[in-house]
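Q: Right, I'll just put the structure down here and ask away after.
The values are calculated or read from the model by the stated rules, or taken from the named source; none is laboratory data. Note that the structure is a prediction, hence the values are computed from the model and not measured. Using ideal geometry, Cβ is built from the backbone for each residue, glycine included, and neighbour counts are taken over all protein chains shown. Areas reflect the complete protein model, heavy atoms only, side chains present, ligands, DNA and RNA absent. Shrake-Rupley method; radii C 1.70, N 1.55, O 1.52, S 1.80 Å.
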Amino acid sequence: MGGIKMAAAEKGTWTVKKGLAEMLKGGVIMDVTTPEQAKIAEEAGACAVMALERVPADIRAAGGVARMADPTVILRIMDAVSIPVMAKARIGHFVEAQILEALGVDYIDESEVLTPADEEFHINKHEFKVPFVCGARNLGEALRRIGEGAAMIRTKGEPGTGNVVEAVRHMRRVMSEIRRLQNLPDEELMTFAKDIQAPYELVKQVKELGRLPVVNFAAGGIATPADAALMMQLGSDGIFVGSGIFKSSDPARRARAIVAATTHFREPEVLAEVSRDLGEAMPGLEIANIRQEERMQERGW
Amino acid sequence: MKIGVLAMQGAFREHIKSLAALGIQGEEIRHKNQLEGISGLIIPGGESTTIGKLMVEFNLLEPVRELAAAGMPVFGTCAGMVLLARDIIGSDQPRLGLMNARVQRNAFGRQVDSFEVDLEIPVLGPEPFHAVFIRAPFLEAVEPPAEVLATFDGKIVMARQGNLLATAFHPELTNDLRVHRYFLEMIKQG
C-alpha cells in the first residue's frame, strides 16, 4: 500500500504486556511439568500453561530452596504447545527473569511458590519486554506490584494445598477494599494510599475504574470446577490451577471440567454436569496445620 | 439492535465496551439459544484453541456457521480471525472455517514480539489506525471472494469476505471505534 510514512512497530509496551493478560481472561492457566502434561492441558482447553519442574504440592513436600526451572524443561514445553507458556522466577531474582526473557517465555510469574531471592525488594518489572504476573493478598500489595511493572495480578491463596480458603480470603479482601475506596471522597485518597502502602496515582486510578488497572486472576488452592466458579463469581478474571490438575486421579477430565466451569461460572446446571465423575481431587491440606513460616503467601513485601 | 459477543473465553468485555461507546448493546453469548435476536456476532481475541473447543463442547459451531451462511455478519479479532479461516497452518483445531483464507497462528512470534503500530487501512479513511498485535496471526493467503483490507510488512492483517470481517489486531483495546463502526455498517447494509 505505501503512501503515508508509517511509524515503526513498538514492542514490549505497557499496552501489549497488559493486553496478553486481557486475552487470557475467562480462561484457565495450568501448571505443567512435562511436554506430555502441557499437551493434555492444551487439549483440555487451557488458555496458557505454567512450565515448572515441580508443582507447588511437590515443592512444599520436598522443602529446601525452590528455584527457576531448568531451561530445558521450559523449552521442551514451549515446543510442545501453541498456547502461551509462562514460567516462574524467584521474588527479587531479576537474573532468573532475564534468563526466562531470553528463553522467550510469554509471561513471567514472580512467584512466592519459589524461595525468595530478596527479602526486601521485588524485580523492577518495567525493565523487561516480557510481561509479569505477581501474587497479592490485598489491594496495597497488588498496587505495589503494579507500581513495579506487573501487568497482571493473581491472588496468592495458599499454593499446593488444594484448599481454596486463602484464595477466597485474598479475592474478597481486594474486592472489598476497592468498594471502600470507591466511596471515599478525593481528599481522603492520600491517607488511604498511605495506609495501604500503595502508590497514590494507582489508588486514584482504581477509584475511577472501580477495579484494578490490570487483569486479576485467582490462584492458590483451586482444585475443583466449583472452586473455579466460586472464584469467578467473587470477581476473578480467570483461574490458575497449580497442583489441582496433575495431582488428581484423572487430570484430563478434571482439566476440561475446570475450563468449562470457568466459562459457565454463573450456571449451576452446567457446573453440576461438569462436576460429575471426576475421580479423586488432589489431597487437601488444612491451612491451620501449616506453620506460619511455611506459608508461601507470607512471602512478598 | 443487539450484537452478540462470543463469551467462551478472551477479551469479550472490551468488545462490549466498544459497542456501548457506539450506543449498541452487546450480548454475551455462551449458549446457542442466546444467538436468537442478534444482528451480528463478534468473536473476540483469546486463545483460539480454547474458544474452539468450548464452541464444540457447548454446540455453538454449527449454529454460528448456519447463521453466517444465512448472511449474519461475523467479525473476528485475532483468535476470531483464526476461527474464521478455512485453513489453519499446522493445526486441526476446531474452527468455523468460513473465510477463504489460510491463517498462520502466532505468526509474528511469541509475546516478546507483540507490538503496536500505525496501520494504513483505506476503507477506514486516510487517518492511520493504531493497531495492537498480541501473539497475532496473519493471513498467508486469501482467495476471492475474500479481499485484503490491510497489510503490515507485506502480511495480510485485515480481510473481508461479504458478511465476514477479520482483523489480526485488537481494535477493542484502543479508543478508535472505526473498525467497530465499519462492522456496524456491514450489518446495516446487510
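Q: Answer yes if at least one residue in segment A:167-177 is over 19 Å from A:Leu285 (Cβ atoms) and without any contact (Cβ under 8 Å) to a residue 24 or more places away in the chain, and no otherwise. Reasoning before the result, please.
A: Going residue by residue through segment A:167-177, those that are over 19 Å from A:Leu285 (Cβ atoms) are A:171-177.
Filter again for without any contact (Cβ under 8 Å) to a residue 24 or more places away in the chain, leaving A:176.
Among the residues of segment A:167-177, at least one is over 19 Å from A:Leu285 (Cβ atoms) and without any contact (Cβ under 8 Å) to a residue 24 or more places away in the chain, which makes the answer yes.
Q: Another question, if that's okay. Looking at segment A:147-170, which of the residues that are surrounded by fewer than 24 Cβ atoms within 10 Å (Cβ to Cβ) and among the aliphatic types (A, V, I, L, M) is nearest to A:Phe246 (Cα to Cα)?
A: Residue satisfying both the conditions and the ranking: A:Val165.
Q: Using beta carbons and a limit of 8 Å, which pairs, at least six apart or on different chains, have the first residue in segment B:107-130 and without any contact (Cβ under 8 Å) to a residue 40 or more places away in the chain and of a type in the set (D, E, K, R) and the second one outside any loop (DSSP other than H, G, I, E, B) and surrounded by fewer than 17 Cβ atoms within 10 Å (Cβ to Cβ)?
A: Pairs that qualify, where the first residue is without any contact (Cβ under 8 Å) to a residue 40 or more places away in the chain and of a type in the set (D, E, K, R) and the partner is outside any loop (DSSP other than H, G, I, E, B) and surrounded by fewer than 17 Cβ atoms within 10 Å (Cβ to Cβ), are B:Glu116/A:Glu10.
Q: Further, regarding this structure: Taking segment A:210-248 on its own, how many of its residues are part of a helix (DSSP H, G or I), in contact with a helix residue (DSSP H, G or I) (Cβ under 9 Å, 6 or more places away or on another chain) and not small (Gly, Ala, Ser)?
A: Pass one, segment A:210-248, residues part of a helix (DSSP H, G or I): A:225-233, A:243-246.
Okay, now just the ones that are also in contact with a helix residue (DSSP H, G or I) (Cβ under 9 Å, 6 or more places away or on another chain), so A:225-232, A:243-246.
Still in the running and not small (Gly, Ala, Ser): A:225, A:227, A:230-232, A:245-246.
The number of residues fulfilling the criteria is 7.
Q: With respect to A:Thr115, is the statement that it is crowded, with 22+ Cβ neighbours inside 10 Å and among the polar types (S, T, N, Q) true?
A: Values: crowded, with 22+ Cβ neighbours inside 10 Å: no; among the polar types (S, T, N, Q): yes.
The answer is no for A:Thr115.
Q: Considering only segment A:259-280, state which residues are more than 14 Å from chain B (Cβ to nearest Cβ) and either more than 24 Å from B:Lys53 (Cβ to Cβ) or surrounded by 16 or more Cβ atoms within 10 Å (Cβ to Cβ) (or both).
A: Listed by number, the residues that qualify are A:Ser275, A:Leu278, A:Glu280.
Q: Go through (1) touching a Pro at 6+ places or on another chain (Cβ under 7 Å); (2) farther than 28 Å from A:Leu143 by Cα and name the single condition A:Val270 misses.
A: Only one criterion is unmet by A:Val270, namely (1).
Q: Let me ask you something else. Quickly run through segment B:56-75 and pick out the residues that are open to solvent by 40 Å² or more (accessible area, probe 1.4 Å), outside any loop (DSSP other than H, G, I, E, B) and of a type in the set (A, V, I, L, M, F, W, C). Break it down into steps so the answer makes sense when it comes.
A: Taking segment B:56-75 and keeping what is open to solvent by 40 Å² or more (accessible area, probe 1.4 Å), we get B:56-57, B:59, B:62, B:65-67, B:69-70.
Of the ones still in play, those that are also outside any loop (DSSP other than H, G, I, E, B) are B:56-57, B:62, B:65-67, B:69.
Hits for segment B:56-75 are B:Val56, B:Leu67, B:Ala69.
Q: Exactly one condition in (1) touching a residue at least 40 places away in the same chain (Cβ under 8 Å); (2) facing chain A (nearest Cβ under 9 Å); (3) not hydrophobic (A, V, I, L, M, F, W, C) is not met by B:Arg95; state its number.
A: (2)
Q: For residues in segment B:128-140 being part of a strand (DSSP E or B) and within 22 Å of B:Glu47 (Cα to Cα), which is most open to solvent (accessible area, probe 1.4 Å)? Walk me through it before giving the result.
A: So in segment B:128-140, the residues part of a strand (DSSP E or B) come out as B:129-133, B:138-140.
Cutting the leftovers down to within 22 Å of B:Glu47 (Cα to Cα) gives us B:131-133, B:138-140.
On the way: B:Ala131: 0, B:Val132: 0, B:Phe133: 1, B:Phe138: 24, B:Leu139: 2, B:Glu140: 91 Å².
It comes out as B:Glu140.
Q: Considering only segment B:22-34, I want to know if a residue exists there that is closer than 15 Å to B:Thr167 by Cβ, assigned to a strand (DSSP E or B) and more than 13 Å from chain A (Cβ to nearest Cβ). Can you show your working first?
A: We begin by selecting, within segment B:22-34, every residue closer than 15 Å to B:Thr167 by Cβ; these are none.
No; the residues of segment B:22-34 include none that is closer than 15 Å to B:Thr167 by Cβ, assigned to a strand (DSSP E or B) and more than 13 Å from chain A (Cβ to nearest Cβ).
Q: Moving on to the next point. Report every pair of residues separated by at least 6 positions or lying on different chains whose Cβ atoms are under 7 Å apart, first residue within segment A:40-54 and modelled with pLDDT under 95 and surrounded by fewer than 24 Cβ atoms within 10 Å (Cβ to Cβ), second part of a loop (DSSP other than H, G, I, E, B) and hydrophobic (A, V, I, L, M, F, W, C).
A: That search, which allows pairs on different chains as well, returns A:Glu53/A:Ala69.
Q: While we're on this one: Among the residues of segment A:106-118, are any touching a Leu at 6+ places or on another chain (Cβ under 9 Å), among the charged types (D, E, K, R), at negative phi and not in a helix (DSSP H, G or I)? Step through it out loud before you land on a result.
A: Of all residues in segment A:106-118, those touching a Leu at 6+ places or on another chain (Cβ under 9 Å) come to A:106-108, A:113.
Subsequent filtering for residues that are among the charged types (D, E, K, R) retains A:106.
Then drop every residue that is not at negative phi, which leaves A:106.
Next, from what is left, pick out any that are not in a helix (DSSP H, G or I): A:106.
Yes; the residues of segment A:106-118 include at least one that is touching a Leu at 6+ places or on another chain (Cβ under 9 Å), among the charged types (D, E, K, R), at negative phi and not in a helix (DSSP H, G or I).
Q: Could I ask something else about it? Any idea which of (1) of a type outside the set (S, T, N, Q); (2) buried (at least 18 other Cβ atoms within 10 Å of the Cβ); (3) part of a helix (DSSP H, G or I) is the one A:Glu36 doesn't satisfy?
A: So the condition that A:Glu36 fails would be (2).
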